[in-house]
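FYI, it's all coordinate maths here, none of it is from the lab. Since we're looking at a predicted model, the values are computed, not measured. Cβ coordinates were reconstructed from backbone atoms using ideal geometry, including for glycine residues, and neighbour counts include every protein chain displayed.
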Amino acid sequence: MFDLVYLGTSASAPSIRRSLPSLMVMFNEHRFMVDCGEGTQRQLLTSGIGLKRLNKILITHSHLDHILGLAGLVSTMVRWETMEEMHIYGGSDAIERIKDLLFSVVLRGNRTPTPLVFHKLTPGEIFKEKNLTVSCFPVTHRGTDSYGFRFEEAGKRPFLPEKAAALNIPVGPWRKDLVNGESVTLPDGRRINAEDVLGPYVPGTTLVTVGDTGNAMELLPYVKGADALSIESTYLEEEKDMAVQYSHLTAKMAAELAKEAEIGKLILTHVSRRYRERDILEEAVNVFPNTEIARDFSQYQIKHES
């Protein structure tokens, strides 16, 4: 299960109601910030999330509306927050531009108490622990070295307490080992296999986030079957030519991708001030009904539906 909080949902420039792009993805104790537009640190404070444990920042691409917030955020973090290190992930051009911003402007050669660790992305796995894998994939957007991100929760076989009770398995470390798929020997000498108390395999939740892109269908293999897809919707079909010119999607393009990829839920973001929200939503739901438009501070809980 993933918890999402949208910190900024505007396209290119902020509006009265929408800040520049940033999304917080939370899984257990992990926090991943996807993009960091100007003003993001204030959005973090306003949302109640705060700055603690904010040590993994994933950047979709190098355009300024997606990275300028790092200047203020890092400036604050190195002065007021205690953190062992901050990891920043991005394509090669994004990392170089962020380094220029931070080291030439913000820090000006000063050492930071919080080490900054930069990861230049190549397609594939970028983070893995027991229950979570995060990978990245290439995205087309106006010549940038852009990436999308796929978050995958590990599947599991659920522990069935009624079966454990029927076998008189006492509460304690034996049940914990069985949950982990291990066989155990009980105090009375009986040998219990995990198969005896675990249910059928249940897939984990999959979330995909995409920043700016001008080619929806090339993303199909990377977003296929996700429980939720968060993706830009900068234009409407009436201005499709402009969308193509500037390498962005229309609401209909995003919805067509969600339909073809058999997504669970489509969440549209990167919304332009030029359109009414209800018009964007109408264009998308005509193609893919389970669509919502994120607003600043919108929250979603993404779960796999069997």
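What the table shows:
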{"quantity": "Prolate/oblate/rounded label for segment 216-306 (Cα gyration tensor, a/c 1.5)", "calculated": "oblate"}
{"quantity": "Ratio of the Cα radius of gyration of the chain to 2.2 N^0.38 Å, where N counts its residues", "calculated": "1.13"}
{"quantity": "S183-F159 pseudo-label distance in nm [points 7 Å out on the Cα-to-Cβ vector]", "calculated": "2.0"}
{"quantity": "Using alpha carbons only: equivalent-ellipsoid semi-axes of segment 22-135, gyration tensor based, whole Å", "calculated": "20, 17, 14"}
{"quantity": "Environment charge of M217, counting only residues whose C-beta is closer than 10 Å and scoring Lys/Arg +1, Asp/Glu -1", "calculated": "-3"}
{"quantity": "For segment 291-296, Karplus couplings with θ = phi - 60° (6.51, -1.76, 1.60), whole Hz, Gly/Pro x", "calculated": "10, 10, 9, 6, 10, 4"}
{"quantity": "Length gained when the stretch L167-E260 is fully extended (0.36 nm per residue, less Cα-Cα span)", "calculated": "28.9 nm"}
{"quantity": "Exposure proxy order (Cβ contacts within 10 Å, fewest to most) of V244, V208", "calculated": "V244, V208"}
{"quantity": "The chain: angle of helix 69-80 to the longest principal axis, Cα-based, in degrees nearest 10", "calculated": "60"}
{"quantity": "Flagged links, alpha-carbon separation over 28 Å, of K163/K265; K52/K99; K128/K240; K128/K252; K130/K252", "calculated": "K163/K265; K128/K240; K128/K252; K130/K252"}
{"quantity": "Candidates V106, V171, V179, ranked by Gaussian network fluctuation over the chain, Cα under 10 Å, top entry", "calculated": "V171"}
{"quantity": "Karplus-derived HN-Hα couplings along segment 245-251 (A = 6.51, B = -1.76, C = 1.60, θ = phi - 60°), whole Hz, x at Gly and Pro", "calculated": "4, 9, 6, 10, 9, 8, 4"}
